[in-house]
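What follows is a single structure, written as structure tokens, with notes after it.
The values are calculated or read from the model by the stated rules, or taken from the named source; none is laboratory data. None of the values given here were measured: they were computed from a predicted structure. A quick note on method: Cβ atoms are made from the backbone with ideal geometry, for glycine too, and the neighbour counts reach across all protein chains shown.
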Amino acid sequence: MKHLLNFGPLRTLSVLLTAAVVLSACAETRFVMATAKKLGKTTEQKSTYKVGKPYQVKGVWYYPAEDWTYDRTGIASWYGPNFHGKPTANGEIFNQWEVSAAHKTLPLPSIVRVTNLGNGRSLVVRINDRGPFKPGRIIDMSKQAAQLLGFEGQGTAQVRVQVLTQQSLNLAQRAQPPRQQLSQADSPIKVNVSSISSQPVVSQSLPPVVSNQPLPAEIPQEIKNPIGQQPVLLTRMYVQAGAFGNRANAERVKSALSSVGNIVVSSIPVNGRNLYRVRVGPVSSVMEVDRLLSDVINAGFAGARTIIETGQGVK
């Protein structure tokens with residue numbers, strides 16, 4: 001009995017330590033599972049697939065379209081408290097603690113991969129809202145998405161946005177209601193405010209998909225493994241005033257913007273012809289590129305946008 005009394009406290013301590021380790025492991029497992037569930041939670045809501053008609057915000061027209069080859073770089077921002085609990089553009093309820101994003105023109109919903117060029121983190125996310133409408137921004141992430149990409153603290157990040165074609169088509173095939181074609185009569189009248197306008201690159205797009213089936217309640221396969229890591233590359237930021245098929249037009253724009261900053265005209269082959277890009281830069285900070293973009297827009301080039309290139313020549 002004496003020996004039992006002496007070893008009893010040691011046994012109790014051992015049991016308590018073992019229990020603590022088990023509980024800690026269980027807590028960590030629960031945290032990982034909860035995070036994984038949160039990443040795909042927005043898909044539990046029934047939403048509709050839509051492209052949408054052209055719309056105007058702050059005097060700028062936006063033209064939603066099915067662009068299954070979309071691949072661009074630019075500045076990402078994030079939104080949260082002011083929109084938490086409010087409806088998104090495709091009828092879902094925005095939750096800043098779930099992973100989602102807003103885009104000005106891609107179909108709702110679409111699935112894209114967003115890569116933070118500053119740290120290499122990438123995230124696969126559903127676009128279910130419209131925005132952002134600040135000049136120079138190409139995508140608005142939810143607060144949770146910004147945290148996962150590592151830029152919540154600074155507010156913005158240099159990113160690459162790539163549409164995931166097949167995954168987006170899979171969502172479109174299960175969506176409701178059917179996408180309605182935009183008639184010519186519904187198109188807004190475009191006013192030519194300049195004799196020299198930017199000439200967009202025409203890309204081939206896949207045929208539209210229309211279905212009456214509702215979106216599934218379970219997490220789609222395309223976003224079950226949403227987080228990745230890419231190599232970190234050096235970046236260069238520019239403001240692009242436009243891209244022109246005629247070099248003389250590009251040179252006239254360069255002359256018109258001579259007081260803004262360092263203007264560069266460069267050619268790039270696109271679909272068997274050369275386009276001449278007029279760019280200001282490069283610059284190193286988001287604050288500086290925002291200032292230059294504002295100057296170029298105020299000089300009469302409303303279609304100007306921020307461009308980020310990396311060592312691999314991402315456009």
Qualifying positions in the stretch 265-279 - at pLDDT 95 or above and either in a loop (DSSP other than H, G, I, E, B) or under 15 Å from Thr306 (Cα atoms) (or both): Arg277, Val278, Arg279
Ile268 in contact with a Leu (Cβ under 8 Å, 6 or more places away or on another chain) and crowded, with 16+ Cβ neighbours inside 10 Å: no
Unique match (being surrounded by 15 or more Cβ atoms within 10 Å (Cβ to Cβ), over 20 Å from Ile139 (Cβ atoms) and not small (Gly, Ala, Ser)) among Arg279, Arg305: Arg279
All positions within the stretch 241-263 that are touching a residue at least 24 places away in the same chain (Cβ under 8 Å) and among the hydrophobic types (A, V, I, L, M, F, W, C): Ala241, Ala243, Phe244, Ala250, Val253, Ala256, Leu257, Val260
Filter result for Ser198 (modelled with pLDDT under 95, of a type outside the set (Lys, Arg), within 28 Å of Gly303 (Cα to Cα) and surrounded by 12 or more Cβ atoms within 10 Å (Cβ to Cβ)): yes
Any hit, the stretch 253-262, residues being among the basic types (Lys, Arg) and loosely packed, with under 15 Cβ neighbours inside 10 Å: no
The stretch 281-302 residues that are within 15 Å of Ala256 (Cα to Cα), paired with ones that are assigned to a helix (DSSP H, G or I) (beta carbon under 9 Å, 6 or more apart): Ala299/Ala256; Gly300/Ala256; Phe301/Val253; Phe301/Ala256
